[in-house]
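So the structure is just underneath, and the comments pick up after that.
Here, each number is a calculation from the coordinates, and none is a lab measurement. Worth saying up front: this structure is predicted, and the values here are computed from it rather than measured. Ideal geometry is used to build each Cβ from the backbone, glycine not excepted, and the neighbour counts take in all protein chains shown.
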Number of protein chains: 2
Amino acid sequence: MKKLVVIIFASALSFSLAASSHRHPCLLLSKDAVVQMKAVRGSVPLFDASLAEVIDNAERALEREINLPRPEHGGGGYSHETHKLNYFDMYNCGIAWQITGKRAYADRVKAMLTAYAELYPTLGYHPLNLSPVPGRIFWQTLNESVWLLHAAQAYDCIYDTLSSRERRHLESVLFRPYAEFIMNGTADNRANQRTFNNLNNHATWANAAVGMIAIVMGDDAMLRKALYGKDESGEVGFMRQLDVLFSPDGYFTEGAYYQRYAIWPFMIFAQCLQHNRPDLGIFTYRDGILLKAVDTLLQMAYDGQFMHFNDALEKGYDAQELVSAVDIAYLADPSNKELLSVAADYQQKVLVSDAGFAVAKAIAEGQARPLKLRSCILHDGADGSEGAFVIMRSPREGENSALTFKATSHGLSHGHFDRLNFAYYDAGNEIVTDYGAARFLNIVAKYNGHYTHENNSYAKQTIAHNTLVVDAKSQFQAKMKDASDSHPEITACSLGGDVQMVASREENAYPGVSMERWLFFADVPFLQFPLVMDLLRATSSESHCYDYPVHYLGHMIELSVPYSKALETMHRMGDASGYQHLWVEAEADAADGTTAYTWLTGYRMYSISTATAAGDKVFIARTGASDPDFNLRSEPAYILRHQAGPGSTLFASCLETHGKYDIKVEQSANLDRSCTAVEVTENSPSHISVRYSFKDGRAVLLDVDLSSDQIKYNVSYE
Amino acid sequence: MKKLVVIIFASALSFSLAASSHRHPCLLLSKDAVVQMKAVRGSVPLFDASLAEVIDNAERALEREINLPRPEHGGGGYSHETHKLNYFDMYNCGIAWQITGKRAYADRVKAMLTAYAELYPTLGYHPLNLSPVPGRIFWQTLNESVWLLHAAQAYDCIYDTLSSRERRHLESVLFRPYAEFIMNGTADNRANQRTFNNLNNHATWANAAVGMIAIVMGDDAMLRKALYGKDESGEVGFMRQLDVLFSPDGYFTEGAYYQRYAIWPFMIFAQCLQHNRPDLGIFTYRDGILLKAVDTLLQMAYDGQFMHFNDALEKGYDAQELVSAVDIAYLADPSNKELLSVAADYQQKVLVSDAGFAVAKAIAEGQARPLKLRSCILHDGADGSEGAFVIMRSPREGENSALTFKATSHGLSHGHFDRLNFAYYDAGNEIVTDYGAARFLNIVAKYNGHYTHENNSYAKQTIAHNTLVVDAKSQFQAKMKDASDSHPEITACSLGGDVQMVASREENAYPGVSMERWLFFADVPFLQFPLVMDLLRATSSESHCYDYPVHYLGHMIELSVPYSKALETMHRMGDASGYQHLWVEAEADAADGTTAYTWLTGYRMYSISTATAAGDKVFIARTGASDPDFNLRSEPAYILRHQAGPGSTLFASCLETHGKYDIKVEQSANLDRSCTAVEVTENSPSHISVRYSFKDGRAVLLDVDLSSDQIKYNVSYE
């Protein structure tokens, strides 16, 4: 039979579903693996624990009445959360049935699918009119896809328990109309069709969900549409997503937080394809882009938490998407033993699937190796030409710190106006921070759990980041369309040795202002911890006001110049571009020389010292102004302001990590900063020289030679 | 010889040092135990690890030059920290010498002690004139005592390596003058003498330090002064401290944070006495008060961190004092296997001493049992008659929450004006908080590491706590002397079963106002988590303004009434009694009925619902105003204000814990509060009835019968 099918479709360069798909289950869980799982139950700890959780969830599902409320609420609301619970219940019951053989689980899946088969045909569009791509059970089609992705797996698990008549009923009344809706929408509204045939993450979900139900139903034609788009041209569809959604370095343009989400349907559907269409060689496709994307995602984390940029919320290696991604990546490449330590140390659970089983067995056999985090440059853009996100890990062995630099393309609708932004992580804490998204996911009281207005008015604005703000306005006047037309250029990057560096140039964010930034991370022999040195230069033929903000977490310890704190009344810093959200806690005149600011985070001190001039201003600010609904977190910032005439302005700073503040034994040392002065000794188009002076007559001399296309730099010590 | 000595002193009801003290070491480490430790090296993991740390520290000490700077700086400053490092170095080298026999360690102790013998006679009082009890090496004598306590141990360890001439030199030039200074001060300044013969924690340190060097030197007369005071009357001195510094429940009046510090010299010196004066039966003295104090201290913690009240900073089971206390308590009573889990789970280290060795061996043998945290009432006062601190652990098995209530005496100079204060901990987080101390310990930039001015002007004031504030003034007008004359009375307490409760009355804090509070913690069957119910009543024949503050950690989610947020300008709430430190972030008119406020902490929601009347006001505030040096942390508070005529005012609230906000799988449930109304149906001198209504027509009816001395209460459900 297999052979026959191959012949039929070979001329169309398309293979049919492998024979295995005629056995069920066949998606993430295969019939053969189920046999093995049953045989070794009780002897693979991580798998047993994960299975116990699935069975426990399945048992709790059985305790509940079947409940399919009419669609009514958005994310976090009753009907929304109940239908989410339902697909998790079906998924858990399906798997529990496969492994335990307890009939009640299979019956529950059948009963619930049958109930959906009754409900679904009665639904129009969801009554909440919130999404341009509205769903029926859920307010947006994205959630419909997630429902189908889980329901397909549940159906696959109980497929063999159903009569062919029962299957026909479910497929004709529920699954095919459901898939049809995701693929084509309705005659009234073709938004879904546009999404299904688009190249973005929502499209990936739609392709994967439709592809998976197609595999279960054995529907080759439907699967081809999932893989190659409505017209099967391959210009859209799942395979094409693999070509364009990741850069050659495996970077997803929306950033780590959304890469975490995007990777989920990619890896799950890829696993299904590997099982059922091994001819596609999905995991080696485009030089192994999917495995590269998983590796890149793991690298974009600090202490297991994804780095915050763009519309990021708190997520880490323990997110359910990562459990799937790590397990499936390991089964695809069992030579990568570092994945095992992610599962063992951060996730402490595995998928109850072929992949999770392989991971748990390998961990039990002691094969796990520590995850190596490395300095890396992650180019953006389908061809890798649109800037990059750069991570510099501590140049000193054994120190857990990371300096990041963002000079990517805009990042679609989740991008922020943050070109040349940097962030710093040390000793387990975020030190110099990126606000991420202003959103309380799933909390109805907070704008229904959506991105709040303050996400646009603050979190996306340039002042919310650690990069230059010109004339108190955001890059590209905060217009996404304009920002999407260009990208910054990485002009130098060196990630090895005692001195790591990256440099970038941005010519478009502010018309008439050229921005350049050079960021160094150096293991200076006479300092307690490696030093961050930052040169941020703006060049313009006009006069401008330049702000240099540093957002941090921790408590203010000291400013090197006298300041005036708001005591009885406090005002906001501005009235637009995000400044309206900052309270001015204190103001000061910067020094004619060097201005330094120290804060405490955890058990260490952090001091930023900057070359300043008479007339420069200091602002110590805190978020929360112009925020009528308490949508912003209350977080501090340090801002230097320079009024510049025509020409070039250089903010030359160093960020020193110092001190040991051991409260267990009440010992402290090195709590005062070492840096005594920052002097710009040269700042010309072809050359920058900065002298960083430290206690005991020591100094770091930083020299950047810009006279040729190949930037040269030198760091020396006195 | 032993017999002879006993005969000589027996008539004075005093025993001499046991024979063991003529062998060295004899303090925390005994010669016999050293033999055993050497014999089993490498086979007791926790001991081996702790020993390795001591040896590592000793090695690092050897790498340093001997450095005894002239005294100059306060806590956190250079000379202060260097001399602290020196006593740790001597201590580590002394122990390392005993176990390893590496001569360089002993030589280092000798060399350093010799250097101190040169420096010490040249010193007058410390140049910083900051303490009423000034030291010589350190700014206060307290630190001198800590130095001696360590130096005595180091001297004990190398005693046998010194010639009798060398010992005579060190003792006559260094140790005896040093002890003399601590005991008597100088002719010019007898502050030390007063401290040594006082009954407080500084005296305990002085007694212990002098007693320990006396034991090492075999000086019975000096030891008697340490035990019984200058005149050996026993009216002061170490033994008397045991009578008065702890309540019969083992509660130290300054609270958990200082009990942690106070317990250290008690336990260390007690261990030395147990080794050298077993006749004293120190660990059974006063019904085993020292072991009770250790147990009580462990109970006053949440998730291993000591509860915050009075001048508390962050400290927990892993503090070095607790390592000593837990180890020594275990050696004194090896039947208490729960102590082993504190060492194993929270401390992961032991003392390199007889006690630490016993703990590590028992852990290696698998004897550890989980620490049981229980609801308890801890009476204050030497005879237990001065109020109490009450801890209610969750009435539901398996839930990690705690409700605390403070109705103790003032707590000396570290006390706050916080009578009838409550706090709440849940799911690993502080939910309703106590600010603790406004202090950055050891950070010179923050008022030299001392308590900041804001400790008095804010942290100690009543508005900084979760208790009634009358007419926007603090209890006792914030006068410690007045507060020390009285204490609140516990009127009822019941800690078993599904409903726990405590009640207290306070008549003195505000003249003419009687305050009563009843706090309940009930496992309500139809609620997701146990419910806190709070009745706070003020009765007066005059009109008053009553404020009901709730300080919390987390993010504001929802207020049930419309509010007006400070958008462009923000003002402080008042100009005195702590109100000057609060920014008013938002104001609202409370409901004529029930006003509710919800916040998010971690993965759960917390909603407080209060019966309010038309005219009541709501303030949402944040600390940080009138704070010119950024000494305050930025933390939020919710404050209800009621203007009352003569008579009785009852704040009836419930604090509901609800919701599951699981960001790993993006599932959330029960994020809305269940409480729909709080109604006071009766409030008379003899009776209070409150109806708490919840969703789905459920209700909790709370009835308090005050008609007899024996308060009766009833909680029922509809």
Quiz item: For peptide A:579-587, how many partner chain Cβ atoms fall within 10 Å of a residue's Cβ, on average?
Solution: 2
Quiz item: Which pairs, out of A:Lys664/B:Lys406; A:Lys292/A:Lys481; B:Lys406/B:Lys712, put more than 23 Å between their alpha-carbon atoms?
Solution: A:Lys664/B:Lys406; A:Lys292/A:Lys481
Quiz item: For a label point 7 angstrom out from the Cα of B:Tyr125 toward its Cβ, which stretches of segment B:167-210 have the backbone nitrogen within less than 17 Å?
Solution: B:181-196
Quiz item: Which order, highest average first, do B:540-552, A:173-185 follow once you tally other Cβ atoms within 10 Å for each residue and take the mean per peptide?
Solution: A:173-185, B:540-552
Exercise. Place +1 on the Cβ of every Lys and Arg and -1 on the Cβ of every Asp and Glu in the protein assembly as shown, take the dipole about the Cα centre, and give the residue among A:Gly304, B:Tyr458, A:His551 whose Cα lies farthest towards its positive end.
Key: A:Gly304
Quiz item: Going by alpha carbons, how many degrees (0 to 90, nearest 10) lie between the helix axis of B:201-217 and the longest principal axis of chain B?
Solution: 20 degrees
Quiz prompt | 0 to 90° range, to nearest 10: angle between helix B:320-332 axis and chain B longest Cα axis | solution = 70 degrees
Quiz item: What is the dipole size for the protein assembly as shown, taken about its Cα centre, with +1 at each Lys and Arg Cβ and -1 at each Asp and Glu Cβ, in debye to the nearest 20?
Solution: 2620 debye
Practice problem: Please report how far the C-alpha centroid of segment B:589-632 lies from that of segment A:467-519, rounded to the nearest whole angstrom. | Solution: 42 Å
Quiz item: What residue of chain A sits with its beta carbon nearest the rotation axis taking A to B, and at what distance in whole Å?
Solution: A:Met570, 2
Quiz item: Which pairs, out of B:Lys460/B:Lys660; A:Lys695/B:Lys110; A:Lys349/B:Lys660; A:Lys102/A:Lys337, put more than 24 Å between their alpha-carbon atoms?
Solution: B:Lys460/B:Lys660; A:Lys695/B:Lys110; A:Lys102/A:Lys337
Quiz item: A:Ile663 label points, 7 Å along Cα→Cβ, one per copy: pairwise distances from this copy to the rest in nm, shortest first?
Solution: 2.2
Quiz item: Which value in deg cm²/dmol, rounded to the nearest 500, describes the helix-derived mean residue ellipticity at 222 nm for chain B, given -39,500 (n - 2.57) per DSSP H run of n ≥ 4 and division by the residue count?
Solution: -9500 deg cm²/dmol
Quiz item: What residues from segment A:461-481 fall in the zone where the backbone N is under 18 Å from a label point 7 Å along the Cα-to-C-beta line of A:Gln643?
Solution: A:469-473
Quiz item: Cross-link partners among lysines for A:Lys565, C-alpha distance below 21 Å, same-chain residues fewer than 8 apart left out?
Solution: A:Lys617, B:Lys446
Practice problem: Enter the mean number of other protein chain beta carbons within 10 Å of the beta carbon of each residue in A:619-629, as an integer. | Solution: 4
Quiz item: What are the principal axis extents of the Cα atoms in chain B, in Å, biggest first?
Solution: 85, 55, 54
Exercise. Report, ordered by chain and residue number, the aspartates and glutamates lying within cross-link reach of A:Lys315, taken as a straight Cα distance under 15 Å and ignoring same-chain residues fewer than 8 apart.
Key: A:Glu254, A:Asp303, A:Glu430, A:Asp434, B:Asp662, B:Glu666
Self-check item: segment A:376-717: relative contact order as a whole-number percent, Cα under 8 Å and 6+ apart
Solution: 13 percent
Self-check item: Gap separating the Cα centres of segment A:159-190 and segment B:445-461, nearest whole Å
Solution: 68 Å
Practice problem: Using the Cα centre as the reference, give the magnitude of the dipole from point charges on the C-beta atoms of chain A (Lys, Arg: +1; Asp, Glu: -1; all else neutral), rounded to the nearest 20 debye. | Solution: 2280 debye
Exercise. Could you pull out every residue, at least 5 positions away or on a different chain, whose amide H is within less than 5 Å of the one on B:Ile557? Hs are placed 1.01 Å off N in the peptide plane, and Pro or chain starts have none.
Key: B:Thr598, B:Trp599, B:Leu600
Exercise. For segment B:36-117, compute Rh as the Kirkwood radius over C-alpha pairs and then the Stokes-Einstein diffusion coefficient at 10 °C and 1.306 mPa s; write the answer in µm²/s, rounded to an integer.
Key: 117 µm²/s
Practice problem: Mind checking segment B:269-344 for GluC sites (Glu not before Pro) that DSSP puts in a loop (not H, G, I, E or B) and that have at most 16 other Cβ atoms within 10 Å? | Solution: B:Glu314
Exercise. Assuming R0 = 25 Å, can you tell me the calculated FRET efficiency for the pair A:Glu507 and A:Asp471, based on Cβ-Cβ distance, to the nearest 0.05?
Key: 0.90
Quiz item: If you project the alpha carbons of segment A:377-426 onto their three principal axes, what span does each projection cover, largest first, in Å?
Solution: 36, 22, 14
Practice problem: Mind listing the label-point distances from A:Gly234 to the same position on all other copies, shortest first, one decimal in nm, points 7 Å along Cα→Cβ? | Solution: 10.0
Quiz item: Tell me, what ³J(HN,Hα) does each residue in segment B:596-610 have, in order and in whole Hz, if you take phi through Karplus 6.51 cos²θ - 1.76 cosθ + 1.60 with θ = phi - 60° and put x for Gly and Pro?
Solution: 10, 9, 10, 9, 10, 10, x, 10, 9, 9, 9, 10, 10, 10, 10
Quiz item: Charges only on Cβ, +1 for Lys and Arg, -1 for Asp and Glu: so what's the dipole of segment A:67-174 about the Cα centre, in debye to the nearest 20?
Solution: 180 debye
Self-check item: Compactness relative to 2.2 N^0.38 Å, alpha carbon Rg of the protein assembly as shown
Solution: 1.00
Self-check item: 5 angstrom amide H check on A:His126, placed H, neighbours 5+ away
Solution: A:Gly135, A:Arg136
Quiz item: If the label for B:Asp703 sits 7 angstrom from Cα along the Cα-to-Cβ line, what are its distances to the same label in every other copy, in nm to one decimal, shortest first?
Solution: 9.0
Practice problem: Would you mind checking which residues have amide H under 5 Å from B:Gly316's amide H? H placed 1.01 Å from N; only 5 or more apart, or other chain. | Solution: B:Phe306
Quiz item: Going toward the positive end of the dipole of the protein assembly as shown, with +1 on Lys and Arg Cβ and -1 on Asp and Glu Cβ, which of A:Trp583, B:Thr676, B:Pro265 do you reach last?
Solution: B:Pro265
Exercise. Report the relative contact order of chain B, percent, no decimals, based on alpha-carbon pairs under 8 angstrom and at least 6 residues apart.
Key: 8 percent
Quiz item: Roughly how tilted is helix B:354-364, in degrees to the nearest 10 and between 0 and 90, from the longest Cα axis of chain B?
Solution: 60 degrees
Quiz prompt | Ratio of the Cα radius of gyration of segment A:592-718 to 2.2 N^0.38 Å, where N counts its residues | solution = 1.31
